[in-house]
Structure formats: structure tokens, C-alpha cells
Amino acid sequence: MNLLALALLAGVLASPAGSAPTSPADQAKAPVVAPAWRVIKSAHFVIRSDAPAATVQAVVDRLEDVHEALRTTFFTDLPVRPVDVLLFANEPDFRSVARPGLVGFYTAGLEEPAGFSDGLIVLHAGGSPTETVSTTAAHELAHHFLQTLSDRVPLWLHEGFAKYVGALEVRGDRVVFDATAPSGAWLQAARPVALERLLAAGPEEFNGPHARAHYLTSWLLLGRLLAPRGMGAAGLQELVVASVRAQSPASHRRSLFSTTERRELQRQIAAAYQTHRAALPSGPTSRDRDKLIVRLQRSQPRQLQVDTLSRSEVDTLCAALRAAAPEQASER
């Protein structure tokens, strides 16, 4: 089903069947009809949403593009089942399940009665630019792939890779990873932390007063590691395996990088930070030769299956999210 069919279905669901045109006076007295909730299924996603058809289509397109790019580079042998997404148009509904300041988050699993043990991406579409929602969707999908690979991936690797993926650009049939530089607000509010400190960081550091510095450092680190002249896409799973084998922060640091490697990476992170700072306010020009680029094999238009969804099912899912109080991976 294409975008036009989806829009038509949304209109049918939101309007009483067989209703006749009404006068302005009647319209003023008519009750506000809440947006209809729908289940939209694409090739790799199951999206529950009350958002407008155009917004849903844009999110589906970005998620499918990023899914293909990840599956053909970093996760070539990883079986990933259809990914569940909850996309809110209504801000109070979203705020009832999310921490303040978030546009989206990923929870690794909700057991019964919610039944999302494979993970759930939660996004807010209302009031946010479509590109912001698409960027957040890519960020949270990166978390899902890593979580599927291992539930013991350290936080710096989770957040660094998610920021790296969230910074991609889709240019026609190409995906350019890490194409967007950190914003001026980020660069002015935070400086990179020491690599030793980053590799030992936990939730307190990534959610505390120095959170932005840790996110920034992990992002810059993954950009250096995954560049074509670094370990590249093939090295990500090796990095994950080495990181989950470590039994302590000290062994974690030793098993990943030698002292010489840590010093060189710290130098590269500092240099990248200074390059970004020097290019403010417009930001540095992306050099594609330093980026991983994937050519998509997608078919258009994407086929979508649309079904109705009761508000009670949504309320049950929201209650499960509030009760679980999951660690919410943020797009800061």
C-alpha cells in the first residue's frame, strides 16, 4: 500500500462512515475526533502510530534505508526479526512514557502483557521536524542492532555507534555514514573526556552533568574507528566481541586497545574536535572519502500493510513502558 492509500485509510478511520457535509455552525459544535491508531507493517518494521500518513511514510522510508545499510555492512550475518516501533503524534502520550527532553528512546525488551521481548523503538513525531524524527529513528535502530548482537555491549560503544549511525545522510540511493557534524551547541557545551574515563563509564556518566561530553567523545571515537582507513565496518563485531569478554573496566581497557593505540585515538579525537570547533558556526564540510558509503538496492514504492489498532492496546503498552522504567537511550 502506497502513501496515497495510507492517507485515504487514515481519513476513513478518522471520519464517521457515511457522514454528510456540515455547516460552519455544526462544525463548531462537533466534538474533536482523536487521531486513529493504526498498525503499519513494512518489510522489516511493525509501526504502531497515530501520526499523519506523510510522517509515517517518512519514518518508514528512513528506517528501511538504515536497516538495509546496517544489514549490508556491520551486521551481514545477523538475523534480525521485524522491529517494533511506537510512533506518537500526541505529545502528552509520549511524555507519559519518556524522560524530559527526548524525541525518542529504545527499550531492550518488554515482557508480557506488552509482549515486546525483542525490543521497542519509541518516537515522538508531533511538533518535531521530520528530519529530527528520522535522525532519532536511525539512532535508536542502531541500538536495536547492537542489542540483538549482544546484551552486554558497553555503554560507550552503544551510544557512540548510535550517534555515528544517527549522523548518516541519505542522498538519493546512497547512505553516507557519519556525514553530519556535531552541532555548535554540543561543541560549545562539551569537550572530549579522557579515553580511559570513557571506556569505564556507566549510566551515571552518560546521564549525569557530563553526559554530553561522554556522548561526544564516544561519537568521535566511533567515527575514527569505523572510518575506511580505520578498522572499517568489518571491525565492529570484533570490537563488540572483545568488549563483552572483558570482566572488569581495567581488563576492558587492556583488551580493546594498547596504551599506544589509546594515546593515538585520544590525539585523533582531540584533532577531530578542534576541526569541528574551527568550522563553527556553519560546521565542517563532509569529506566523503573519509566516510563509509553504501549504495541501496531498495524498490519503490514500498509496500505497506495497514490495520486498525484499538486505543486500549496502546494504553496497555504505555502502562508497560511506565512500569518497566527502561533505560532510555537518548538523542541528546
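The values are calculated or read from the model by the stated rules, or taken from the named source; none is laboratory data. Quantities reported herein were computed from a predicted structural model and do not represent experimental measurements. Reconstructed Cβ throughout: ideal geometry from the backbone, glycine too, with neighbour counts over all protein chains shown. We work out accessible area using only protein heavy atoms, side chains counted, and drop any ligands, DNA or RNA first. Shrake-Rupley method; radii C 1.70, N 1.55, O 1.52, S 1.80 Å.
Amide H to amide H distances under 5 Å link residue 103 with 331, where only residues 5 or more positions off or on other chains count and H is placed in the peptide plane. For segment 187-200, 3J(HN,Hα) computed residue by residue from phi via the Karplus equation (6.51, -1.76, 1.60; θ = phi - 60°) reads 5, 7, 9, 8, 10, x, 8, 4, 4, 4, 5, 4, 5, 9 Hz, glycine and proline entered as x.
Give me Rg/Rg_expected for segment 46-130, where Rg uses Cα atoms only and Rg_expected = 2.2 N^0.38 Å with N residues.
On the way: Rg = 13.7 Å, N = 85, 2.2 N^0.38 = 11.9 Å.
Ratio of Cα Rg to 2.2 N^0.38 Å: 1.15.
Taking the square roots of five times each eigenvalue of the Cα gyration tensor of segment 95-212, the equivalent ellipsoid has semi-axes of 22, 20, 16 Å, listed largest first.
Using r as the Cβ-Cβ distance of residue 152 and residue 132, and R0 as 30 Å, what FRET efficiency do you calculate, to the nearest 0.05? Once rounded, the FRET efficiency stands at 0.45. Counting only DSSP beta bridges with both residues in segment 39-129, tell me the antiparallel percent, nearest 5. In segment 39-129, approximately 45 percent of DSSP beta bridges are antiparallel ones. With the simple model of a label 7 Å out from the Cα in the direction of the Cβ, residue 229 to residue 189 spans 3.2 nm. Of the trypsin sites (Lys or Arg not before Pro) found in segment 80-173, those in coil by DSSP whose Cβ has at most 16 other Cβ atoms within 10 Å are 152.
Across segment 136-149, coupling constants 3J(HN,Hα) worked out from phi with the 6.51/-1.76/1.60 Karplus curve, θ = phi - 60°, read 5, 4, 5, 4, 6, 5, 4, 4, 4, 4, 5, 5, 5, 5 Hz, and Gly and Pro carry x. The chymotrypsin sites (Phe, Trp or Tyr not before Pro) found in segment 54-93 include none that occupy coil by DSSP while having at most 12 further C-beta atoms within 10 Å. Couplings for segment 67-82, taken from phi via the Karplus curve 6.51 cos²θ - 1.76 cosθ + 1.60 with θ = phi - 60°, read 4, 5, 5, 5, 5, 9, 10, 7, 10, 5, 10, 8, x, 10, 6, x Hz in order; Gly and Pro are left as x. Loop-located GluC sites (Glu not before Pro) in segment 111-193 (DSSP state other than H, G, I, E, B) with a sparse environment of at most 15 neighbouring Cβ atoms within 10 Å: 111. Label separation (residue 319 vs residue 180): 3.6 nm, computed from points 7 Å beyond Cα along the C-beta direction.
By a 1.4 Å probe calculation restricted to protein chains, residue 258 has an accessible surface near 50 Å², given to the nearest 10.
Amide H to amide H, with H built 1.01 Å from N, residue 46 comes under 5 Å of 83, 84, 85, counting only residues 5 or more places away or on other chains.
Using Cα-Cα distances under 8 Å and only pairs 6 or more residues apart, what relative contact order does segment 119-233 have, in percent? Could you put the intermediate results ahead of the total?
Details: 123 pairs, mean separation 26.9, N = 115.
So the answer I get is 23 percent.
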